[in-house]
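> Have a look at the structure that comes next, please.
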Amino acid sequence: MPTRKLVTRYEDDLALFPDRYHKLGLVAGVIVLGIFPFVAGSYGLTVSHSGLIAVVGAIGMMILTGFAGQVSLGHAAFLALGAYTVAILGGTFGWPFWLALPVGGLVAAGIGLMVGPFALRLEGLYLAIVTVGLLFLVDHLLRNGLDIAYGKDYLTVPMHTWFAVDDPSGLGTFRDDGALSGAQKLYFFFLALAGGAAWVSKNIQRSRTGRAMMAVRDRDLAAEVLGVDAARTKFVAFGISSFFAGIAGGMYAFAHPVITLEPFGLTMSVGYIAMVVLGGAGTTFGAVWGALAFVLLLPLCELAGEALPFPDTFSSENRAVLLFYPALCLFLVFEPLGILGIWLRIKRYFMAWPFRY
Amino acid sequence: MLTVTDLELSFAGVKALDKVSLMVPGGSLYAVIGPNGAGKTSLFNCISGAYRPQAGRIQFSGRDLVGRRPHHIAALGVARMFQHPALFQQLTVQENLLLGRHHRYRTGWWQDALWTRGARAEEVAHREKVEEIIDFLDLERVRKTPVMILPYGILKRVELGRALCAEPRLLLLDEPAAGLNQEETEALARYMLDVKEQMGITQVLIEHELRFVLELADRVAVLDFGRKIADGLPRTVARDPSVAEAYLGGAA
């Protein structure tokens, strides 16, 4: 039995779900994701919200670092910009969520493009340092700007009027007609956003734009001589990446009734890099699975940390971090390609079956 | 076709190119030879825009190339094969070849991101063109193989293919036969003659292997310490005493 479909047209070679097995996988995935919010409890839904936010943010990170090879430690700054834009537009100006969210993405993309010129001159660690500078700058500006404008260092997000509470008068709101709870509506909204982000990322990966990014990553001089405008390619990568980061930040604002600047620090930036590497750099698959694994494993490590004999003064987060990151290091030593490596091996096994290779 | 006039390039006192002038006729196979450090690759870097010469002109089909950025020069129809294969390691052969066609795409990044009908049609059209080159260079077997794991001889062929995919009018070949065995060199010579005769592409070749140059090239220029010391038909250049001196040293 042939395990591969015979490709007879170039269009088929570009399809996302080329054969029966991929299509079956898609249907199964839709069913599982569709049933999940009705089976999961409120804790499960909260974790899934975080997971879907991380998926969108990690896709942004992957486009910049995985595709275009630009190392950025400023990812959290773009999430912060998205989150605060959405919170201010929604809370102070009363914009509907479906309008505030893309604007949040665009604001982050605008600031992201301002880092572009640095990326034209700097590479690798040097660029990483510049982006750390950006992270602190954005943090400083938001902190002081909020202090001046509102006299407080937190913002309330009118997430509840959008998703949880019945508000039929609002423009573009989900009606709470009792069939779906706010958390479930938020889940489906986030699922659509994450699916859309993955689709866009996959489109970039299989088209000219993505190839140009990867060419700049692998050899920028050769790319230029071939006709790739490296400067423009880096700009596009920064723009798209920070747009997705802004969207992820906006989603974060939706999922939390009150936001502060605390979570948007260097730890979050490093977390996104860890997701990209854990998943498998350079692929959309890696961004999605790296983000999901990261978000699901941290609470698990927290649970495990409670059971292990750490000193009582260690907080549960400390314990989780102490367990998670060494485990991540070990995993990457044995599987440098990350989750992608495992998936490729499984796929190869079934493609070659019943032979070993 | 390509005219280089009084080209000068120096790096902090070292004259890499010293008043070099060349005239490459359209449709010809023009060879540039010379000992190591003679400035051959620097000349290519000036033509393709990677270096900016201090003085002199480079004209390609009546257009000045000096001062233009590399991707702009590529769009004018100049393609290049590097001395050490400069392929994109993590991409497949097919993706590398598609990158050769990069500047011929008309769709923008937003069309790619949204996978519009136009973006799809363009991908398919360019894929068809790439398949012609894959067929020409017998690369069918490695089409979907990542470049990283391919042997050197095939890498050279993939790189020639990537340059040809751009449908250039001028092809710069920097030591294409370096590191190839006898059979691979013969196959390469065959491809180069096909490129000249079937595709009508003008080629400028840098090469060390003298026999390869003398049998293939229509004209030969010899560089030594950044200066052109001879220029003419392969036979006459081979007998030129100053060429022998440059290669073998004055005492020989």
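> Taking the options B:20, B:66, name whichever one is within 23 Å of residue B:234 (Cβ to Cβ) and in contact with a Lys or Arg (Cβ under 8 Å, 6 or more places away or on another chain). Don't jump to the end; show me each part of the working.
On the way: B:66 fails: within 23 Å of residue B:234 (Cβ to Cβ).
Answer to the check: B:20.
> Failed condition for residue A:235, given (1) aromatic (Phe, Trp, Tyr); (2) within 12 Å of chain B (Cβ to nearest Cβ); (3) within 13 Å of the chain's Cα centre (by Cα), with all others met?
Among (1) aromatic (Phe, Trp, Tyr); (2) within 12 Å of chain B (Cβ to nearest Cβ); (3) within 13 Å of the chain's Cα centre (by Cα), the lone unmet condition for residue A:235 is (3).
> Can you list the helices (runs of 4 or more DSSP H) found entirely within the range A:1-94 that contain at least 3 residues being at pLDDT 95 or above and either within 14 Å of chain B (Cβ to nearest Cβ) or crowded, with 22+ Cβ neighbours inside 10 Å (or both)?
Numbers: elements: A:10-14, A:20-39, A:42-61, A:75-91.
By residue number, A:42-61, A:75-91.
> Look through the range A:201-256, keep the residues that are part of a loop (DSSP other than H, G, I, E, B) and open to solvent by 20 Å² or more (accessible area, probe 1.4 Å), and return whichever of them is farthest from residue B:107 (Cα to Cα).
The initial filter retains those residues of the range A:201-256 that are part of a loop (DSSP other than H, G, I, E, B), namely A:206-207, A:219, A:227-229, A:256.
Narrowing further to those that are open to solvent by 20 Å² or more (accessible area, probe 1.4 Å): A:206, A:219, A:229, A:256.
Values: A:206: 14, A:219: 23, A:229: 14, A:256: 39 Å.
Among them, the one singled out is A:256.
> Something else: Residue pairs, Cβ under 9 Å, 6 or more apart or interchain, first in the range A:9-27 and in contact (Cβ under 8 Å) with a residue 60 or more places away in the chain, second open to solvent by 50 Å² or more (accessible area, probe 1.4 Å). List them.
A:14/B:120; A:16/A:22; A:16/A:26; A:16/A:199; A:16/A:202
> Which residues, counting only those in the range B:116-146, are hydrophobic (A, V, I, L, M, F, W, C) and not in a helix (DSSP H, G or I)?
Passing the criteria: B:137, B:139.
> Name the residue, out of B:143, B:120, that is out of contact with any helix residue (DSSP H, G or I) (no Cβ under 6 Å at 6 or more places or on another chain) and within 21 Å of residue A:210 (Cβ to Cβ).
On the way: B:143 fails: out of contact with any helix residue (DSSP H, G or I) (no Cβ under 6 Å at 6 or more places or on another chain).
Answer to the check: B:120.
> If I go through the range B:67-97 residue by residue, how many of them are in contact with a Pro (Cβ under 8 Å, 6 or more places away or on another chain) and open to solvent by 50 Å² or more (accessible area, probe 1.4 Å)?
Here the count works out to 2.
> Out of B:41, B:116, I need the residue that is open to solvent by 10 Å² or more (accessible area, probe 1.4 Å), of a type in the set (Ser, Thr, Tyr) and assigned by TED's automatic domain parsing to the domain that holds residue B:201. Which one?
Selected residue: B:41, the only one of B:41, B:116 that is open to solvent by 10 Å² or more (accessible area, probe 1.4 Å), of a type in the set (Ser, Thr, Tyr) and assigned by TED's automatic domain parsing to the domain that holds residue B:201.
> For the range B:67-107, give me each residue that is within 8 Å of chain A (Cβ to nearest Cβ) and over 19 Å from the mean Cα position of the chain (by Cα).
B:89, B:90, B:91, B:95, B:105, B:107 - these are the residues of the range B:67-107 that are within 8 Å of chain A (Cβ to nearest Cβ) and over 19 Å from the mean Cα position of the chain (by Cα).
> Now a separate question. Of (1) closer than 18 Å to residue B:171 by Cβ; (2) more than 11 Å from every other protein chain (Cβ to nearest Cβ); (3) open to solvent by 40 Å² or more (accessible area, probe 1.4 Å), residue B:36 satisfies all except one. Which?
Among (1) closer than 18 Å to residue B:171 by Cβ; (2) more than 11 Å from every other protein chain (Cβ to nearest Cβ); (3) open to solvent by 40 Å² or more (accessible area, probe 1.4 Å), the lone unmet condition for residue B:36 is (1).
> Residues that are out of contact with any His (no Cβ under 7 Å at 6 or more places or on another chain), outside the structural domain of residue B:206 (by TED's automatic domain parsing) and without any contact (Cβ under 8 Å) to a residue 40 or more places away in the chain: does the range B:154-174 have at least one?
Yes, the range B:154-174 contains a residue that is out of contact with any His (no Cβ under 7 Å at 6 or more places or on another chain), outside the structural domain of residue B:206 (by TED's automatic domain parsing) and without any contact (Cβ under 8 Å) to a residue 40 or more places away in the chain.
> State all residues of the range A:301-321 that are hydroxyl-bearing (Ser, Thr, Tyr) and under 19 Å from residue A:47 (Cα atoms); if no residue qualifies, say none.
To start, the set of residues in the range A:301-321 that are hydroxyl-bearing (Ser, Thr, Tyr) comprises A:313, A:315-316.
The one that is hydroxyl-bearing (Ser, Thr, Tyr) and under 19 Å from residue A:47 (Cα atoms): A:316.
> How about the range A:165-182: which of its residues are modelled with pLDDT of 50 or more and open to solvent by 40 Å² or more (accessible area, probe 1.4 Å)?
If the condition is that a residue be modelled with pLDDT of 50 or more and open to solvent by 40 Å² or more (accessible area, probe 1.4 Å), then A:176, A:177, A:178, A:179, A:180, A:181 are the ones that fit.
> With (1) of a type outside the set (A, V, I, L, M, F, W, C); (2) more than 10 Å from chain A (Cβ to nearest Cβ); (3) out of contact with any Leu (no Cβ under 8 Å at 6 or more places or on another chain) as the list, and residue B:54 as the residue in question, which single condition is left unmet?
(3)
> Filter the range A:323-357 down to the residues that are over 16 Å from residue A:293 (Cβ atoms) and either open to solvent by less than 50 Å² (accessible area, probe 1.4 Å) or touching a helix residue (DSSP H, G or I) at 6+ places or on another chain (Cβ under 7 Å) (or both) and list them by number.
Across the range A:323-357, the qualifying residue is only A:352.
Conditions tested, residue by residue: (1) without any contact (Cβ under 8 Å) to a residue 60 or more places away in the chain; (2) in contact with a Gly (Cβ under 6 Å, 6 or more places away or on another chain); (3) closer than 23 Å to residue B:1 by Cα.
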site	(1), (2), (3)
B:46	yes, no, yes
B:51	yes, no, yes
B:66	yes, no, yes
B:75	yes, yes, yes
B:81	no, no, yes
B:108	yes, no, no
B:123	yes, no, no
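> Filter the range A:19-49 down to residues that are closer than 14 Å to residue A:187 by Cβ and small (Gly, Ala, Ser) and give me whichever is nearest to the chain's Cα centre (by Cα).
A:48
The values are calculated or read from the model by the stated rules, or taken from the named source; none is laboratory data. Being a predicted model, the structure only gives us computed values, none of them experimental. Positions of Cβ are generated from backbone atoms using ideal geometry, with glycine treated the same way; all protein chains shown enter the neighbour counts. For accessibility, only protein heavy atoms count, side chains too; no ligands or nucleic acids. Shrake-Rupley method; radii C 1.70, N 1.55, O 1.52, S 1.80 Å.
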